[in-house]
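Visitor: My structure is below; once you've seen it, I'll send some questions.
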Amino acid sequence: MTTNKKIKTIKSIKIDIDKCNGCRACEVICSAFHAMPKYSSNNPARSRIRVTREPIRDVYVPVYAGDYVVAECAGRDKYIIDGKEYDECTFCRASCPSRDLFKEPDSGLPLKCDMCEGEDEPLCVKWCMVDALTYEEREEEIIEEEVTPGEVETGLEALVNKHGIDKVADIVAQISKSKG
Ligand code: SF4
Ligand code: SF4
């Protein structure tokens, strides 16, 4: 395996929880954008941004989906910010085995934010009327590992052995759909 230095554009969404009012417009537009065909339906359970909404405690926290993790984390913390208590997983972006968040409801496959690939700006940012979400880009130097074709085959074979060809094919199809 060889390594390469590269400049990569890192895209992120800055979240201001003090501005969020829990309207869920971000969930609606995200799920509609990713519906097949596009905009044919909306279902917050399919959204790649989810809002923890607890009006009694005045808690509104939008979080967009990050990577899938195979195992639950070992240590969790409670957060108290400005006198408000937040549950242990409230700020976590992972699609993880310990909760249903960020999983496609029918297949159970993990969902990950793709920054609305193809759009000039993420749609959840555009649809948030109170500017709780701000799109940001920054350049970062990263070290990239070049994977040789042999390594790809070995990795795929291991995945097929572990999860079965159908599951792996489903995931590859889902990834290529989100890239297409
Ligand atoms: S659209 Fe904005 S205000 Fe509404 S839930 Fe999402 S982040 Fe909060
Ligand atoms: S950037 Fe796009 S894909 Fe990501 S959470 Fe927002 S609407 Fe969904």
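Visitor: Considering (1) buried (at least 18 other Cβ atoms within 10 Å of the Cβ); (2) within 16 Å of ligand 1 (Cβ to nearest atom), say which one Lys103 fails and leave the rest.
Guide: (2)
Visitor: How do the pairs read when you match residues in region 125-154 that are closer than 30 Å to Ile17 by Cβ and surrounded by 11 or more Cβ atoms within 10 Å (Cβ to Cβ) with residues anywhere that are among the aromatic types (Phe, Trp, Tyr) and modelled with pLDDT of 85 or more, using Cβ under 6 Å and keeping only pairs 6 or more apart or on different chains?
Guide: From region 125-154, the pairs are Val125/Tyr135.
Here is a yes/no grid of residues against (1) in contact with a helix residue (DSSP H, G or I) (Cβ under 7 Å, 6 or more places away or on another chain); (2) surrounded by fewer than 17 Cβ atoms within 10 Å (Cβ to Cβ):
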| residue | (1), (2) |
| --- | --- |
| Lys5 | no, yes |
| Ala45 | no, yes |
| Ile49 | yes, no |
| Val63 | no, no |
| Tyr86 | no, no |
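Visitor: What about Asp131, is it within 15 Å of ligand 2 (Cβ to nearest atom) and either farther than 19 Å from Ala35 by Cα or not in a loop (DSSP other than H, G, I, E, B) (or both)?
Guide: Yes.
Visitor: Inside region 1-74, counting only strands (runs of 3 or more DSSP E) that do not spill past its ends, which hold 1 or more residues that are closer than 30 Å to Lys162 by Cα and at pLDDT 95 or above?
Guide: Values: elements: 2-15, 49-54, 59-64.
Fully inside region 1-74 and qualifying: 49-54, 59-64.
The values are calculated or read from the model by the stated rules, or taken from the named source; none is laboratory data. All figures in this text were calculated on a predicted structure; none of them were measured in a lab. In this analysis, Cβ positions are derived from the backbone assuming ideal geometry, glycine residues included, and neighbour counts consider all displayed protein chains.
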